[in-house]
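Student: Dropping a structure here in structure tokens format, bear with me for questions.
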Amino acid sequence: MLKATNLSHKFEYPLFNNISFSLEAQESMAIIGVSGSGKSTLMHILATLLEPIEGEVELFGESIYKLSQKELLKLRRNDIGIIFQQHYLFKGFLAKENLEVAALLAGTTIDTELLKRLGIDKLMHQKITELSGGQQQRVSIARVLTKKPKIIFADEPTGNLDEETAFEVMDILSEYIKNENAILVMVTHDQRLARRCEKTYSLQEQQLVLI
């Protein structure tokens, strides 16, 4: 479902060179590494948000660089879910309205049991600006899962959460990819959470090393 071949990228300095790996349905991987090593950049390339200097990314057996902008937009809307560090929620909306937009675009419904497990079921009628950083993070996670993506890219999805909630979120994400035949690619600084994924990679010395 997801295949990276010889990915290389740099900004003012080289980030990584000739990175290759693949993931199939129901598999998860975590990427760890020091700040500035290129973890988030790699995730953005995999998520079709950035083109590498060299290399190729295939989703569902097709190179994303051969797709038209219309086809890419459809792929992002229907099959890719991204949990950003900054959340990118609609600030003027209620929490529930943020989820309703995702459900409407994807043709799905809001899972009330998911909201309870995330501890946000009582927050649905509050504006995003009234919520704490951790609450916004959980709304963001719920929004992504509401659209039922086949591939989830998560950049520090538990960064604003306490330890107990962080592990509950990992349980939810792990269950989701098994139940929905999906894939999870997660960037995290927390090695305990990384170990909950089936594969853990470290981005170091411009290489992606399986640990």
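Readers should treat all values here as calculations from the given coordinates under stated rules, not as data from a laboratory. Keep in mind that this is a model prediction, so the values were computed, not measured. All Cβ positions, even for glycine, are placed from backbone atoms using ideal geometry, and neighbour counts span all protein chains on display.
Student: Counting only helical runs of four or more DSSP H residues, what would the 222 nm mean residue ellipticity of the chain come to if each run contributes -39,500 (n - 2.57) and the total is spread over all its residues? Could the numbers behind the result be given before it?
Tutor: Numbers: 7 runs with 72 residues, N = 211.
Taking each H run of at least 4 residues, the total per residue is -10000 deg cm²/dmol.
Student: Right, something else. How large is ³J(HN,Hα), in whole Hz, for each residue of region 195-201 in order, when computed from phi with the Karplus curve 6.51 cos²θ - 1.76 cosθ + 1.60 and θ = phi - 60°, using x for Gly and Pro?
Tutor: 5, 6, 7, 5, 10, 10, 10
Student: Sorted by average packing, counted as other Cβ atoms within 10 angstrom per residue and highest first, what order do 176-184, 103-111 take?
Tutor: Details: 176-184: 17.6, 103-111: 13.4.
Listed from highest to lowest mean packing, they are 176-184, 103-111.
Student: Using the Karplus curve 6.51 cos²θ - 1.76 cosθ + 1.60 with θ = phi - 60°, what ³J(HN,Hα) values do you get for each residue of region 169-178, in whole Hz, with x for Gly and Pro?
Tutor: Once θ is set to phi - 60°, the couplings for region 169-178 become 4, 4, 4, 5, 5, 5, 5, 4, 5, 6 Hz.
Student: Report Rg(Cα)/(2.2 N^0.38 Å) for region 76-211, keeping two decimals.
Tutor: Numbers: Rg = 14.8 Å, N = 136, 2.2 N^0.38 = 14.2 Å.
So region 76-211 has a normalised radius of gyration of 1.04.
Student: May I pose another question? Rounded to the nearest 0.05, what FRET efficiency do Lys91 and Gln69 have when you use their Cβ-Cβ distance and R0 = 30 Å?
Tutor: Details: r = 27 Å, r/R0 = 0.91.
That pair, Lys91 with Gln69, gives E of 0.65.
Student: Could you let me know the centre-to-centre spacing of region 45-88 and region 150-165, using Cα atoms, in angstrom?
Tutor: Here the answer is 20 Å between Cα centres.
Student: Taking H placed 1.01 Å from N in the peptide plane, check which residues at least 5 places from Leu2 or on another chain put their amide H under 5 Å from its amide H.
Tutor: When sequence neighbours closer than 5 places are left aside, the close amide H contacts are Leu23, Phe60.
Student: Would you pull out the residues with amide H under 5 Å of Lys10's amide H, same chain only if 5 or more places away, H placed 1.01 Å from N?
Tutor: Under 5 Å from the amide H of Lys10 lie the amide H atoms of Leu15, Ile53, each far enough along the sequence or on another chain.
Student: I need the peptides 160-172, 38-50 ranked by packing, meaning the mean over residues of other C-beta atoms within 10 angstrom, with the highest value on top.
Tutor: Numbers: 160-172: 16.3, 38-50: 20.6.
Result, highest mean Cβ count within 10 Å first: 38-50, 160-172.
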